[in-house]
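S.K.: Before I ask anything, here is the structure I am working with.
The values are calculated or read from the model by the stated rules, or taken from the named source; none is laboratory data. Please read these numbers as outputs of a predicted model, since none were measured by experiment. We place every Cβ from the backbone using ideal geometry, glycine too, and count neighbours over all the protein chains shown. We work out accessible area using only protein heavy atoms, side chains counted, and drop any ligands, DNA or RNA first. Shrake-Rupley method; radii C 1.70, N 1.55, O 1.52, S 1.80 Å.
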Amino acid sequence: MGVNLERHTMSKFLYGRKYRVLVAGKDNVALDVSNLRCTFHIEKTARALSNYAEISIYNLTSSTEMAIVKEGDRVIVEAGYDGFIDTETGQKTDTKQYGKIFDGDILQPLRDREDNVNYRLTLVCQDGEDFLNRSLVRKTIGAGLEQRQIINKIVSEAKTLTGIGRISSNLSTQKLPRGKVFFGTPKNYLSNIANDNGATFWVDDGQVNIAKATDVPVEEALVLTPQNGLIGTPQQTFGGITFKCLLNPSLKLMNMIKIDNSDIRRLKWTQEMKMTALDQDGQYQIYKMIYTGDTRGDEWYVDVEGISRNGLMPLPLMLDNATQNPF
């Protein structure tokens, strides 16, 4: 199935919608349900501690459905496209737009009937649920450690194993004056460290992230155009932009994207708001994404909200000081 991305005349479009949905038990044995119809609604935002998802699987056999309800513990969703094809030459590229978009724990299975024919099992999931709310850290940490080192200790010593993603390089370097006993949930300790530094703490794909709005992005911005999936017209907001594009797992929270300002619909100025400007370099930092997909339907999109880094009123300049957290 191909989706033509051309506005007027273009020979390139994404082809080969690709996906995989896995449901794993506590024994880490995964059941692949990709051959059935699956739909998903996945929300990722740096404003929340973790990502949220509702994943529906249609017309399971009663035995498989019962096994998922009783033993299902984790869901992994991979999605995207096989690559690009040139309609004039028929040549396909080797570049795939495919990867993991969600990896989280099952909170609740819900069974219902969509209509007289189709039954569905909806799995309500949260990324890092086990680590955030059911894990425990019991550790005595010696004096002399900086906060980044303390984060590493908390994560590595937690009962539920997880990884470390983006950690701000601008955390306080003040060292622990004396030894300290940690006994409780990692969520509370990591949230306290983030709050003390005016930073945001969240879990994404099972990895701990702590970042500040004033951090300078180091990764190269992902350029988005109608040729590689941008849909419709991006809309300017007070602090940045919102836009829709074809499903792309390369989009990550707090990473940079670049969109030509000429493709963006400007925000209408009113007397009640300050004048805003688009980012002068067309670069925006992602802080919210909503994936919507149907393996047997038309929906295969991601809605994105991004903040300006270099505009007239970019996010870092909207803060009163470097310890303020806008999220």
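S.K.: How much length would be gained if the chain were fully extended between E88 and D27, taking 0.36 nm per residue of separation minus their Cα-Cα distance, in nm to one decimal?
M.R.: Details: separation 61, 0.36 × 61 = 21.96 nm, distance 4.92 nm.
Using 0.36 nm per residue and subtracting the Cα-Cα distance, I get 17.0 nm.
S.K.: Now, a different point. Helix-only estimate, please: 222 nm mean residue ellipticity of the chain, summing -39500 (n - 2.57) across DSSP H runs of length 4 or more and dividing by its residues, to the nearest 500.
M.R.: -3000 deg cm²/dmol
S.K.: Rounded to the nearest 0.05, what FRET efficiency do V124 and E71 give with R0 = 22 Å and r taken as the Cβ-Cβ distance? Could you check?
M.R.: Rounded to the nearest 0.05, the efficiency is 0.85.
S.K.: Which value in nm describes the separation of the simple spin-label points at I164 and S250, placed 7 Å from the Cα toward the beta carbon?
M.R.: The two pseudo-label positions are separated by 2.9 nm.
S.K.: Please figure out what share of the DSSP beta bridges in the chain is antiparallel and state it in percent, rounded to the nearest 5. Numbers along the way, then the final one.
M.R.: Working: 87 of 94 bridges.
Bridges in the chain that DSSP calls antiparallel: roughly 95 percent.
S.K.: Continuing with the same structure: Out of these labelled values of mean projected area of the Cα convex hull in nm², (1) 18.9; (2) 20.3; (3) 29.1, which was calculated from the coordinates shown here?
M.R.: Identified label for the calculated read-out: (2).
S.K.: From the square roots a ≥ b ≥ c of the eigenvalues of the alpha-carbon gyration tensor of segment 33-163, which class results: rounded (a/c under 1.5), prolate (a/b over b/c), or oblate? Display every interim value, and only then the final one.
M.R.: Details: a/c = 3.07, a/b = 1.38, b/c = 2.23.
Oblate, because a/c is 1.5 or more while a/b does not exceed b/c.
S.K.: In addition: Once the Cβ-Cβ distance between K180 and Q235 is put in as r, and R0 is 51 Å, what FRET efficiency do you end up with, to the nearest 0.05?
M.R.: Once the sixth-power term is evaluated, E becomes 0.60.
S.K.: Of the listed peptides 203-210, 91-98, what is their order by residue-averaged count of other C-beta atoms within 10 Å, with the highest listed first?
M.R.: 203-210, 91-98
S.K.: With a/c under 1.5 counting as rounded, go ahead and sort segment 173-317 into rounded, prolate or oblate using the C-alpha gyration tensor (a ≥ b ≥ c being the square roots of the eigenvalues; past the cut-off, prolate if a/b is larger than b/c, else oblate).
M.R.: The shape class here is oblate.
S.K.: Ranked highest first by the average count of other Cβ atoms within 10 Å around their residues, in what order do 237-250, 183-196 fall? Numbers along the way, then the final one.
M.R.: Details: 237-250: 19.3, 183-196: 17.2.
Top of the packing list down: 237-250, 183-196.
S.K.: A further question on this structure: Given R₀ = 51 Å, what would the calculated FRET efficiency be for N188 paired with D260, taking r from the Cβ atoms and rounding to 0.05?
M.R.: 0.70
S.K.: Among Y189, V208, I231, which residue has its Cα positioned farthest towards the positive end of the charge dipole of the chain, with +1 placed on the Cβ of Lys and Arg, -1 on the Cβ of Asp and Glu, and the dipole taken about the Cα centre?
M.R.: Final value for the positive-end residue is Y189.
S.K.: May I ask you to give the percent of accessible area on the chain that is carbon plus sulfur, with a probe radius of 1.4 Å?
M.R.: Roughly 46 percent, rounded to a whole number.
S.K.: Right, next: When a/c reaches 1.5 or more, the comparison of a/b and b/c decides; with that in mind, is segment 157-215 rounded, prolate or oblate per its Cα gyration tensor?
M.R.: oblate
S.K.: Using 0.36 nm per residue of separation minus the Cα-Cα distance, give me the extension gain between T140 and S156 in nm, one decimal.
M.R.: Gain in length upon complete extension: 4.5 nm.
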